[in-house]
């Protein structure tokens with residue numbers, strides 16, 4: 001799958017490409033960086049969408065990167081891009097569900113669009129899953145809840161979470177890690 005033309009900057013590391021992109025605003029740097037991870041992004045999108053929609057999503061995520069990469073301080077581009085891609089797909093599925101009345105249940109740990117003929121009672125699984133997650137978020141200690149919300153749902157970096165909350169960086173990382181673990185345990189117990 002080739003959306004972007006090959007470039008000669010392929011040996012430059014991620015951090016340097018990000019720095020050059022932020023400094024110059026040249027899409028050449030961003031396209032080289034993104035091309036490295038397009039198979040990852042496409043794979044993430046395929047977990048949630050059909051092939052055509054996944055290809056469209058890969059291009060839309062690149063367009064999001066043009067502005068979002070300038071706004072965020074990214075420590076690990078690959079991980080950050082994975083989260084951005086997953087969130088993009090989930091938001092698209094939610095938007096489709098509300099616009100077209102499609103149900104988007106969770107099946108075997110991933111989301112799949114079911115259209116008009118959902119399997120068994122699976123049509124309500126996504127909504128139940130999201131409601132369960134919201135309830136479990138409410139049960140987290142305040143610091144964990146705030147940190148998890150900012151990091152995962154609002155796509156803030158560790159540094160941004162620390163600045164917003166006033167927590168030390170190590171505390172932020174701990175709150176996010178513990179909050180994620182506690183959220184998972186709660187979801188398994190109640191889901």
Task: Centroid-to-centroid separation of the range 161-177 and the range 33-85 [C-alpha atoms, Å] - done: 25
Task: Percent of Cα-Cα distances greater than 17 Å, calculated over the range 140-191 - done: 28
Open item on the list: Less than 11 Å from a label point 7 Å out along the Cα-to-Cβ axis of residue 78: which backbone N atoms in the range 20-42 qualify, by residue?
Closed with: 37, 40
Open item on the list: Using square roots of five times the C-alpha gyration tensor eigenvalues, list the equivalent-ellipsoid semi-axes of the range 1-101 in whole Å, biggest first.
Closed with: 25, 15, 11
Open item on the list: Please compute the modelled spin-label separation between residue 187 and residue 164, points set 7 Å along Cα→Cβ, answer in nm with one decimal.
Closed with: 1.9
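Throughout, read-outs are computed from the coordinates displayed, never taken from laboratory work. Every value quoted in this text rests on a predicted model; they were computed, and no experiment measured them. A quick note on method: Cβ atoms are made from the backbone with ideal geometry, for glycine too, and the neighbour counts reach across all protein chains shown.
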